[in-house]
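Where a number appears in this text, it was derived from the coordinates with a stated rule and is not lab data. Because the structure is predicted, anything quoted here is derived from the model rather than measured. Methodologically, a virtual Cβ is constructed for each residue, glycine included, from the backbone with ideal geometry; neighbour enumeration extends over all protein chains shown.
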Amino acid sequence: MSLPVCPACRSTETGVSETLPTAALAERWARLPFHGAATPADIARYVREDIASDAIAIVSCSSCGLEFASPSRTWSASHYPQEEHQLGWDHEQALAELAGMPPLKLLDVGCANGQFLARAAALSHTVTGVDFSPEDIAECRSHGFEAYVADLSKPNALVEGNRRFDAITLFQVIEHLETPDLVFEQLSRLAAPGATLMLGCPSSRRYTRAFQHPDRIGSSDFWDCPPQHSLRWTPAALEAFTARHGWAVRHVSFEPVEPVHGAAHLAGLSEYSSKWTRRAATLYYRLRLRLGCATGIRLYFRAVRASAQSK
């Protein structure tokens with residue numbers, strides 16, 4: 001059986017790194033309160049329906065390090081978890097950079113309920129948001145922001161209206177995409193000459209991948225597997241992928257990990273026979289994290305629109 005080409009760099013040097021059982025993913029999601037009034041049985045069914053097989057392969061690219069689900073499977077719109085919206089470290093990195101820029105026309109893809117739009121608007125930028133959630137877009141509009149319900153993997157009014165933006169932001173979006181090339185083809189049409197791209201995604205070097213714990217399924221956190229995430233990006237993969245769509249990388253950084261907080265988080269994921277074993281585990285994690293073995297949860301990436309595209 002031939003293996004798929006890497007979605008980021010288009011390399012054929014790919015191989016299956018692990019196969020994840022759908023039953024394990026369904027069981028883990030069924031324990032969480034992220035699907036409203038749905039019962040655990042309902043949530044497990046959602047996972048099985050959206051993955052649509054007994055197991056799903058994770059393929060790794062030896063050229064750029066991208067890990068991707070094959071076939072790509074993510075939540076259907078009606079099954080998507082109802083997560084609490086809040087700004088993270090990657091949002092704050094972008095806002096710090098936007099604070100030093102002249103007023104821009106900014107498009108936030110996956111704008112949720114508009115918290116980032118509000119902060120960017122306070123910096124004198126003209127903001128527009130797009131999201132697949134009608135409820136979130138309604139909230140954005142209630143605060144006076146221009147916002148649209150749209151799927152950027154398909155033709156839509158925002159793109160067809162010949163709009164151009166000086167900055168495009170995507171936070172915790174690119175790891176969810178089933179068809180990233182289609183989305184970035186649309187973004188290329190929305191980007192003004194010299195535009196800036198700012199995005200955030202999970203760090204491939206984060207501390208929750210560096211240690212074994214009960215929330216892992218295979219080599220990563222359960223939430224970093226289908227149907228939640230279909231792509232696990234590295235800086236090299238992001239650079240190769242965005243270059244194919246006409247962007248030139250300018251900056252990559254990883255969220256720092258605070259050893260005390262990281263150790264407490266890791267220790268809290270497991271059950272211990274006594275408080276002493278828990279304390280010993282916490283101390284171990286703190287010492288390892290102080291040695292710089294891992295990063296925080298998120299990665300921040302910034303690129304600019306290149307003068308010519310190389311597809």
Please report Rg (one decimal) and Dmax (integer) in Å for the Cα set of region 178-229. 15.8, 47
Going from the alpha-carbon gyration tensor of region 89-202, what semi-axes, largest first and in whole Å, does one get by taking the root of 5 times each eigenvalue? 19, 16, 15
Inverting the mean 1/r over all pairs of different Cα atoms, compute the Kirkwood radius of the chain and quote it in Å. 20.6 Å
Ignoring solvent entirely, what values of log10 I(q)/I(0) come out of the Debye formula for region 202-256 at 0.15, 0.21, 0.27 Å⁻¹ when each Cα is a single scatterer? -0.53, -0.86, -1.09
For helix 89-98, what angle does its Cα long axis make with the longest principal axis of the chain, in degrees from 0 to 90 and rounded to 10? 20 degrees
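Pulled fully out, how much extra length does the chain show between Val16 and Leu283, if you take 0.36 nm times their separation in residues and subtract their Cα-Cα distance?
Residue separation times 0.36 nm, minus the Cα-Cα distance, leaves 92.6 nm.
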May I ask what percent, to the nearest 5, of DSSP beta bridges between residues of the chain are antiparallel? 60 percent
Degrees between helix 259-268 axis and first principal axis of the chain (Cα, 0 to 90, nearest 10): 60 degrees
Ranked by GNM mean-square fluctuation in the chain (Cα springs under 10 Å), the top entry among Ala121, Ala281, Ala243 is Ala281
Ordered by packing density, taken as the mean number of other Cβ atoms within 10 Å over each peptide's residues, highest first, how do 51-64, 195-208 rank? 195-208, 51-64
For region 1-63, what relative contact order do you get, as a whole percent, if you take Cα pairs closer than 8 Å and at least 6 residues apart? 46 percent
Taking every DSSP beta bridge that has both residues in region 44-151, what percent is antiparallel when rounded to the nearest 5? 30 percent
Chain lengthening between Arg164 and Leu182 when straightened (0.36 nm per residue, less Cα-Cα): 4.7 nm
Taking Cα atoms, how many degrees apart are the long axis of helix 40-51 and the longest axis of the chain, rounded to 10 and kept between 0 and 90? 60 degrees
State, in angstrom, two size descriptors of region 192-286 derived from its alpha carbons: Rg to one decimal place and Dmax to the nearest whole number. 17.5, 60
Can you list, by residue number, the Cys in the chain that have no neighbouring cysteine C-beta under 4.7 Å? Cys111, Cys140, Cys201, Cys225, Cys293
Would you give the gap between the C-alpha center of region 137-189 and the C-alpha center of region 13-39, rounded to a whole Å? 27 Å
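Please tell me the relative contact order of the chain in percent, rounded to the nearest whole number, where contacts are Cα pairs under 8 Å and at least six residues apart.
The value is 18 percent.
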Determine the gain in length on full extension of the stretch Glu135-Val149; use 0.36 nm per residue of separation and subtract their C-alpha separation, reporting nm with one decimal. 4.1 nm
Top positive-direction residue, dipole computed over region 89-202 with Cβ charges, set Phe132, Gly144, Gly114: Gly144
Calculated P(r) tail over 17 Å for region 231-283, as whole % of Cα pairs: 58 percent
With +1 on the Cβ of every Lys and Arg and -1 on the Cβ of every Asp and Glu, and nothing else charged, how large is the dipole of the chain about its Cα centre, in debye rounded to the nearest 20? 900 debye
tail above 18 Å in the computed P(r) of region 141-212, as % of all Cα-Cα pairs, reads 51 percent
Any idea what the alpha-carbon Rg over 2.2 N^0.38 Å comes to for region 72-129? 1.33
From Cα pairs below 8 angstrom and at least 6 apart in sequence, can you work out the relative contact order of region 89-202, rounded to a whole percent? 26 percent
Over region 153-311, the quotient of the Cα radius of gyration and 2.2 N^0.38 Å is 1.27
